[in-house]
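See below for the structure under consideration.
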Amino acid sequence: MKISGDWISQPGTQALCATLTAAGYRALFVGGCVRNALMARAVTDIDIATDALPEIVTKIAETAGFRVVPTGIEHGTVTVIAQGVAHEVTTFRRDIATDGRHATVTFATDIAQDAARRDFTMNALYAQADGSIIDPLGGLADLQARHLRFVGEASARIREDYLRILRFFRFYAIYGDSSRGIDPEGLAACAENLEGLADLSRERVGAEMRKLLAAANPAPAIASMAQAGVLAQILPGASPRALAPLMHLEAGLAPDWQARLAVIGGENLTEALRLSKAETVTIMRIRDEIGSTVTPAALGWKFGAQVAQAVVLARAAMLEAPLPIGWQSEITRGVNAALPVTAADLMPALQGTDLGKRLREIEARWLASNLYLGKAALLA
Ligand code: ATP
Ligand code: MG
């Protein structure tokens, strides 16, 4: 079994592997790049595992003329820039102590030890520079079955690092097969170890949830999170109920994690997921308008296409109602509309606060007419 792709055949990438190999060390692609190449998905970052110690990688790479940045030297990682492409090169590791959040690592010379400390079998696949796969843990069969499975005993692996609970649901959402369901041992282990979630930083929880909710269909993963008690733990008050209906309504549209989050809800989302100001505004707008009767055109005019689309979809999903006929062209009509009356039409008869008040009244009437009233009618 061999992988290929533009990312692997890049001259800089091949040159870096050749340099390490010529010095007598191994250079193996690992993790997301191998997994995604096997699944014919985009490869965005290149991780390389090696038996060379970080200072040796640095010396070899710099001698070959590559730039080296010590991005994660405490975990054995340096970033090597070869012909403009960044590679995260990490020395084989094995974890010697873990406290649920941090691991004390020691370097290893053996690929089996490096594989054993990784989270899921499909993330423990390696490839040589020519693309040939090395599969120390049977991850290839799991990947082909789209079976997300912990490396080793799930509960023990979670207690080493509770972030793995969220990674479990995230990778299931993206790479799993919802028709076969989530791995039951993994799910049970998550349910048994909920207490560790409280200690995770909200930034990391937020980052995982953004990625999970951007999956093509996050509904089965969110339903499993609810079932295991994970959803209630990280997002108190959230409900998975309307997410599956939203998926049906969304069919064919680009995934919008903010619309999905608005539909799940939860108390104090901003804090729970450390949302930015802009994200909070968007999600709260969607949530506020779910219960309003503002038309698709008026939503488009007030908030722009993305929020308007999210509101229309979320409303239909939550209220179990059909989508309004022609809703997308109505949003576009609103996005392109302009209030037919301007301040100039009302001056000099009106000035200052009176002018502002009158303009707001006119705007409200125009919106209530679904943006149909023209200038004469609005001024009458
Ligand atoms: P993506 O970058 O698409 O999210 P990835 O698999 O590359 O997916 P990263 O978070 O970039 O994920 O991590 C790279 C690899 O490091 C993973 O494939 C996995 O082998 C290992 N890894 C990352 N985080 C953990 C963790 N918390 N516990 C164990 N192994 C991990
Ligand atoms: Mg990655």
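The values are calculated or read from the model by the stated rules, or taken from the named source; none is laboratory data. Treat the numbers as computed from the prediction; the structure is a model and nothing was measured. For neighbour counting, all protein chains shown are included, and Cβ atoms are generated from backbone atoms with ideal geometry for every residue, glycine included.
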Quiz item: Hey, Val78 hits all of (1) touching a residue at least 60 places away in the same chain (Cβ under 8 Å); (2) surrounded by 20 or more Cβ atoms within 10 Å (Cβ to Cβ); (3) touching a strand residue (DSSP E or B) at 6+ places or on another chain (Cβ under 7 Å); (4) hydrophobic (A, V, I, L, M, F, W, C) but one; which does it fall short on?
Solution: (1)
Self-check item: One residue from Gly252, Gly266 being at pLDDT 95 or above and more than 16 Å from ligand 2 (Cβ to nearest atom)
Solution: Gly266
Quiz item: Restricting attention to the range 186-206, does a residue exist that is under 20 Å from the mean Cα position of the chain (by Cα) and hydroxyl-bearing (Ser, Thr, Tyr)?
Solution: yes
Quiz item: Looking at (1) exposed (fewer than 11 other Cβ atoms within 10 Å of the Cβ); (2) in a loop (DSSP other than H, G, I, E, B), can you tell me which one Leu339 breaks?
Solution: (1)
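Here is a yes/no grid of residues against (1) in contact (Cβ under 8 Å) with a residue 24 or more places away in the chain; (2) within 16 Å of ligand 1 (Cβ to nearest atom); (3) of a type in the set (A, V, I, L, M); (4) in contact with a Lys or Arg (Cβ under 6 Å, 6 or more places away or on another chain):
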residue	(1), (2), (3), (4)
Ala15	yes, no, yes, no
Val30	yes, yes, yes, no
Arg35	yes, yes, no, no
Ala42	no, yes, yes, no
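Residues checked against (1) away from ligand 1 (no atom under 12 Å from the Cβ); (2) at pLDDT 95 or above; (3) small (Gly, Ala, Ser):
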{"site": "Leu53", "(1), (2), (3)": "yes, yes, no"}
{"site": "Gly139", "(1), (2), (3)": "no, yes, yes"}
{"site": "Arg149", "(1), (2), (3)": "yes, yes, no"}
{"site": "Arg167", "(1), (2), (3)": "no, yes, no"}
Exercise. Give the range 1-22 a look and list any residue that's buried (at least 17 other Cβ atoms within 10 Å of the Cβ), touching a helix residue (DSSP H, G or I) at 6+ places or on another chain (Cβ under 8 Å) and either at pLDDT below 95 or not in a helix (DSSP H, G or I) (or both), or say none.
Key: Ile3
